[in-house]
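Please treat every number below as a calculation from the coordinates, not as lab data. Model, not experiment: these values are computed from the prediction. We place every Cβ from the backbone using ideal geometry, glycine too, and count neighbours over all the protein chains shown.
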Amino acid sequence: MTSTALASAPATPATGGATPPRRRRRRWSAEKVVVMTVLWLYAAICVAPLITMVLNSFRTHLQIASDPWPFPTDPTVENYVSAWTEASFGRYALNSILITVGSVAISTAVSLPAAYAIARWRFPGRGALEGLFMSGLLIPFMLAILPMFYLMDALRLIDSPLSLILIYSANGVPFTIFVLVSFFRQLPAELEEAAFLDGGGHFTVFLRVMMPLVRPAIATVVVFRFVPIWNDFLMPLVMLRNRENYTLGVGLTTFFGEYQNDWASLFAGLVIATVPLLVLFVFATRQIIQGLTAGIGK
Amino acid sequence: MARTARKASSVQRAPATAVLLFILPAFALFAVVLLYPMVSALGYSLFEWRGGTNLAGFNWFDNFVVLFTEQPFVEQMPRAFLHNLAIFAGTLVLQNSIGLFLAVQLHRLGRMRRVFQVLYTTPYLVSPLVVGYLWTLLLSPTFGPVNAGLQAAGLDSLALSWLGDPTTALPVLILVSVWQWIGFPVLLYGAALGGIPPELDDAASVDGATGWSRFRRITLPLLTPVIGTVSILTFIGAMETFTLPYAFGGATGSPAGATDVLSLLFFRVSFQSGASNALGVSSALATLLFLFILGGALLGRRLLRAQEERLS
C-alpha cells in the first residue's frame, strides 16, 4: 500500500485543503485566537534558535559575550572568513559536496536500470531479488560498520573519500530501488509496446521513453538521499583520519574543540554546515513535504 | 488507480543478457558493500579476535556473556539501554501530545497551513550534529541566550547549567531531539487527517457529538495506523541515536555518563578501547541491539494490527 501511494504522491498533494470554508468562518472566535497564538509561538520555538545562529554568526565574539541576545548592530563577515580559510571549512565543504553528490549520483545511476528491470521484465528470481534489495532497508547501520571498516581497510580505502562514496551509494540502493520500482510499475504498457514497434531496443526504450517519465521519482530520491548523507557523521568519523579529507561534520567536531572560546566563529561554522540543506529545502519544499507524507491519508 | 495501472502494464520477457546488464551494477554494489559486511557482522560476534581481524577461534556465545558479566559493560550497558528507552518514551509522549495537537489545529487552517508546516519542519533539515552544538551554545551557562533570557525575566532559579548537570542533561537531550523531529509527525498526522472524509465528522456533529468526543471516537481511531507507524520509526530512531548525544556529551556521554547511549558504548568499544577482542564484543553488542530493534519493531507492528482489527 505504501509503495503504490508513494508512487502517486507527486500527482496528488496529500495535504490538499479539504476543509470547507463554512467551518473556518464559524471558528473565528476566542478559541481561534488562542490556537493561532499557540501555533505562532511554536513556530517561534522552531525557528528562533536557527535565527539566533545566523544572526550571531555576523557578530563578534565580544558582542556575543557582552549581550547574548542577537541583534547585530554592525554586522561583520569576519567569522566566515576565518572559518572558511583558517579553519579550512572551505576544504571540508568541498569534501562534503564531492562525497554527497558522488554517492547520490552513483546509487541513482545503478538503481535506475535495476528498478526498471524488476518492475517491467519477467525473469527467474525476480521476486527473490526484489526481496533481497528490500531487506537492505532494514539493516541497522551500526551492525555493518565494523565489517565495512575492515572491508575498506582491505581495499586500502581508509581515509579516502572513495570509501564513503562506496558505502553511501550502496546504502542508497535499497531505498532508491524501492521508490523507483513503484513508479515504473505505474507506467502504462502501451508506451513500451509502441516504442518497440518503432524498432527500439530494450536499452533505447528504457533510456529514451521510460526514464524521462519517472523524473519526479528521481527528484524525490535525490532529495531524500542527499539529506542523510550530507548530515551523516558516524561514518566519516570512523573512516577518515587526515584533516584534508574531513567532511563538514567531522571538521565541525575538531573546530568545536579548537575554537571553544571564539563563539562567533562557531556560529559561522554551524551556518556553513547548514546552508546547503536550507538551499535544497527552498528549491525542493514540495518534494520534501510530499515525500515525507507519501502513502498516508489515501 | 495504481492497481489498474499495474494490471495494464504487461510484464515483458527480456533476454538474459539485458537482465544481467541492468541488474548487475546495483546488485554488485549492494552485495559487496552492504550485504556481505552485514552478514559477516552476525558471524563476527561468535568468534574471539586477537587484535583487529586476526582470528583467535570460535567461542560460541562468550562475547555475549562478557557483555553481561564483565566491567565496564555490566555497569554501562544497562545504563545506556535505559537512556535509549527514556529517549524513546519521552519522544513518543511529546510527539503524540504536542505533535498531534499541532497537526489537528493545522488541519483546521486554510492556506496558512503550508507556512506552519514549513516552519515546523525546518529543524528536521538541520544536521543533528549542528543541532547538538547549536543548543550547547544556546544553553551555555556563561554566554547562552537561554539563561540570559531567563535571568532577564527574573527566573534566576531556572538559569541552570542545563547540559552540565547529570539530572537535567538527559531531559534536555530528549526535548532537543523532539524539537528537531516534531515536523515529521506533524506532517504525517496532517496528511492522515486530510484523508479522513469530512462527512464522517459532519455526521457525528449532526448526531450531537461534541468536539472532544468527535476527536476521540472518530479522528483518533482513524489515526491509529499512522500513529503506530510513527511510533515504530521513533523506536528505531531512539535505539540507534548517536549524533545528538555525541554532540552534547562526546563519546563518553558526559556529564558522568548521563547522556550515554548504546551506540556511543558501541563506538567506544569498537574504536577507542584498543582491547584485543574489541571486534567480537562490539559485534555482539551490535547484534543484540539489532535483535532488540527487530523484535521491538515486529511487536509494534503486531500490536498495531491487533488494534486496527479491534477498531474496524
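List of remarks:
- Likely footprinting exposure, A:Trp121, B:Trp135, fewest C-beta neighbours within 10 Å first: A:Trp121, B:Trp135
- Cα gyration tensor of the stretch A:154-298 - equivalent ellipsoid semi-axes, whole Å, descending: 40, 20, 12
- Highest-fluctuation residue, B:Ala278, B:Ala297, B:Ala26 considered, GNM on chain B with Cα pairs under 10 Å: B:Ala26
- Residues whose placed amide H lies under 5 Å from that of B:Phe47, excluding near-sequence neighbours: B:Asn59
- For chain A, with +1 on Lys and Arg beta carbons and -1 on Asp and Glu, the positive-most of A:Val282, A:Ser265, A:Phe123 along the dipole: A:Phe123
- Label separation (A:Val34 vs B:Phe271): 5.0 nm, computed from points 7 Å beyond Cα along the C-beta direction.
- Model label points for A:Gln260 and A:Val282, set 7 angstrom from Cα along the Cα-to-Cβ axis, are 3.6 nm apart.
- Charge dipole (the protein assembly as shown, unit charges on Cβ, about Cα centre) - positive-most of B:Tyr120, B:Leu188, B:Thr69: B:Leu188
- As a rough guide to protection, the peptides A:81-89, A:216-224 ranked by mean Cβ packing within 10 Å, highest first, stand as A:216-224, A:81-89.
- Peptide packing: for B:19-25, A:40-46, the average count of neighbouring Cβ atoms within 10 Å per residue gives the ranking B:19-25, A:40-46, highest mean first.
- Between the beta carbons of A:Arg243 and A:Ala48, assuming R0 = 30 Å, the FRET efficiency works out to 0.35 to the nearest 0.05.
- Computed packing ranks the peptides B:58-67, B:184-193, A:250-259 as B:184-193, A:250-259, B:58-67, most packed first, by mean other Cβ atoms within 10 Å.
- Mean shadow area of the stretch B:169-312 over all directions, Cα convex hull, nm²: 10.8
- Mean per-residue shielding of peptide B:40-46 is 3, counting Cβ atoms of other chains within 10 Å of each Cβ.
- Here the label points at B:Ala256 and B:Ala16, each 7 Å from Cα along the C-beta direction, are separated by 6.8 nm in the simple model.
- For the protein assembly as shown, projected area of the alpha-carbon convex hull averaged over all directions, nm²: 31.2
- Computed over the alpha-carbon atoms, chain A gives an Rg to Rh ratio of 1.06, Rh here being the Kirkwood radius from the mean inverse distance.
- For residues of B:273-285, the mean tally of beta carbons on other chains within 10 Å: 1
- Overall form of chain B: oblate. Here a/c, set by the Cα gyration tensor axes a ≥ b ≥ c, is 1.5 or more, and a/b is not larger than b/c.
- Taken residue by residue and averaged, Cβ atoms of other chains lying within 10 Å of the Cβ of A:228-238 number 4.
- Separation between Cα centres of the stretch B:235-312 and the stretch B:116-187, rounded to whole Å: 23
- Taking every alpha-carbon pair under 8 Å whose residues sit at least 6 apart, the stretch B:221-262 reaches a relative contact order of 28 percent.
- Rounded to the nearest 20 debye, the dipole size of the protein assembly as shown about its Cα centre is 2400 debye, using +1 on the Cβ of Lys and Arg and -1 on the Cβ of Asp and Glu.
- Full extension of the segment from B:Phe215 to B:Leu303, taken as 0.36 nm per residue of separation minus the current Cα-Cα distance, would add 29.5 nm.
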